[in-house]
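Visitor: For reference, the structure I am asking about is given below.
The values are calculated or read from the model by the stated rules, or taken from the named source; none is laboratory data. Since we're looking at a predicted model, the values are computed, not measured. Please note: Cβ atoms are built from the backbone with ideal geometry, for glycine as well, and neighbour counts cover all protein chains shown. We work out accessible area using only protein heavy atoms, side chains counted, and drop any ligands, DNA or RNA first. Shrake-Rupley method; radii C 1.70, N 1.55, O 1.52, S 1.80 Å.
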Amino acid sequence: MNASSMYQKQVAVLTIMSGLLAMACLILLGIALADNPDAYDDPMQLLRMTNLNVPLVRWSMLTDLLGYYLLLLPCIYFLRPYLREQTPWADLITYCGSAYVMVGAIGAVVMAEVVCPLLRQYATASTTQQAHLQITFQTLNRIVYNGLWNLLETLLAGVWWTMTGAVLRTWHKYIGWVTMILGLFTSFDALGNLLGRPLLAAIGLNVYLILAPVWAIWLGVLFWKRTRLIPTSSQSKLAVV
């Protein structure tokens, strides 16, 4: 196995791990919020849950950090040469993908290492202290959920997935179309929040949360099974060898 093939295999494994850990994030958070599913849409309800498993919420954020974000970086930069072969916008597309990862990862870290300790403090705080913690908790959630995750990162991810999908169609038609669909629904989340359309945002968010892990696992498997990707300058397409 040459260095190029080995590199693709390594990217394949990390991309599959990304999808699996993203699924683990959903499962852990689902278990933690099983008694109060409304907390998905209103994080402030976390403060009112007397039996909330805070360590489980923290682990869901750590798997979110790795699954939805950091482990996608190898895939983003692996695809960069092939994007360059297709479009002069390749570097900007790659920037959007890596910026999505960084913005989302910052949000996950804030939730895991700042918000989760606040939940522990709130359970034993006095009434006055709880009032202050509520304000802090609400502010942090608006920064992460409304600002970083469901507005800035979804705009960046929408560009990356949609334009990357258009390129991938010349390599594998179905993964290309699914990538574009993922990008469109991720953009719906951003647009819904920008335009004050919560239903549009909710549809986009839920499709993103479910489809992104499936996409990562599928793409990783394709990277593993196919020998290598070669950009062909003469036809400006992705070829499979």
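Visitor: Give the residues of region 1-23 that are under 22 Å from Asn206 (Cβ atoms) and either of a type outside the set (S, T, N, Q) or open to solvent by 70 Å² or more (accessible area, probe 1.4 Å) (or both), sorted by residue number.
Guide: Gly19, Leu20, Leu21, Ala22, Met23
Visitor: Let me ask you something else. Show the residue pairs that are 6+ apart or on different chains and have beta-carbon atoms under 6 Å apart, the first residue being within region 182-200 and in contact (Cβ under 8 Å) with a residue 24 or more places away in the chain and more than 16 Å from Ala212 (Cα to Cα), the second being open to solvent by less than 60 Å² (accessible area, probe 1.4 Å) and assigned to a helix (DSSP H, G or I).
Guide: Asn193/Asn150; Asn193/Leu151; Asn193/Ala201
Visitor: Could you name every one of the helices (runs of 4 or more DSSP H) located completely within region 71-156 that has at least 3 residues being of a type outside the set (Phe, Trp, Tyr) and closer than 21 Å to Leu184 by Cα?
Guide: Working: elements: 73-86, 90-110, 116-124, 127-141.
Helices (runs of 4 or more DSSP H) meeting the threshold: 73-86, 90-110.
Visitor: Additional query: Taking only pairs six or more apart or across chains, which ones have beta-carbon atoms under 8 Å, a first residue in region 135-160 that is closer than 16 Å to Met44 by Cα, and a second residue that is open to solvent by 50 Å² or more (accessible area, probe 1.4 Å)?
Guide: Pairs found: Leu140/Val114; Asn146/Asn193.
Visitor: Separate question: Go through the residues of region 211-232 one by one and say whether even a single one is modelled with pLDDT of 95 or more and loosely packed, with under 15 Cβ neighbours inside 10 Å.
Guide: yes
Visitor: Within region 180-208, work out how many residues are closer than 20 Å to Leu73 by Cα, open to solvent by less than 10 Å² (accessible area, probe 1.4 Å) and over 13 Å from the mean Cα position of the chain (by Cα).
Guide: Counting residues in region 180-208 that are closer than 20 Å to Leu73 by Cα, open to solvent by less than 10 Å² (accessible area, probe 1.4 Å) and over 13 Å from the mean Cα position of the chain (by Cα) gives 0.
Visitor: I'd like the full set of residues that are open to solvent by 20 Å² or more (accessible area, probe 1.4 Å) and either touching a helix residue (DSSP H, G or I) at 6+ places or on another chain (Cβ under 6 Å) or part of a helix (DSSP H, G or I) (or both), limited to region 24-35. Walk me through how you get there before you give the answer.
Guide: Let us first name the residues in region 24-35 that are open to solvent by 20 Å² or more (accessible area, probe 1.4 Å), namely 24, 26-31, 34-35.
The answer is Ala24, Leu26, Ile27, Leu28, Leu29, Gly30, Ile31.
Visitor: Filter region 27-56 for residues that are within 19 Å of Asn146 (Cα to Cα) and touching a residue at least 24 places away in the same chain (Cβ under 8 Å) and give the result.
Guide: Passing the criteria: Leu29, Asp41, Pro43, Met44, Leu46, Leu47.
Visitor: Right, another one. Regarding region 155-176, can at least one residue be identified that is among the hydrophobic types (A, V, I, L, M, F, W, C), surrounded by fewer than 17 Cβ atoms within 10 Å (Cβ to Cβ) and modelled with pLDDT of 95 or more?
Guide: As a first pass, look at region 155-176 and keep what is among the hydrophobic types (A, V, I, L, M, F, W, C): 155-157, 159-161, 163, 166-168, 171, 175.
Applying the additional criterion that residues be surrounded by fewer than 17 Cβ atoms within 10 Å (Cβ to Cβ) yields none.
No; the residues of region 155-176 include none that is among the hydrophobic types (A, V, I, L, M, F, W, C), surrounded by fewer than 17 Cβ atoms within 10 Å (Cβ to Cβ) and modelled with pLDDT of 95 or more.
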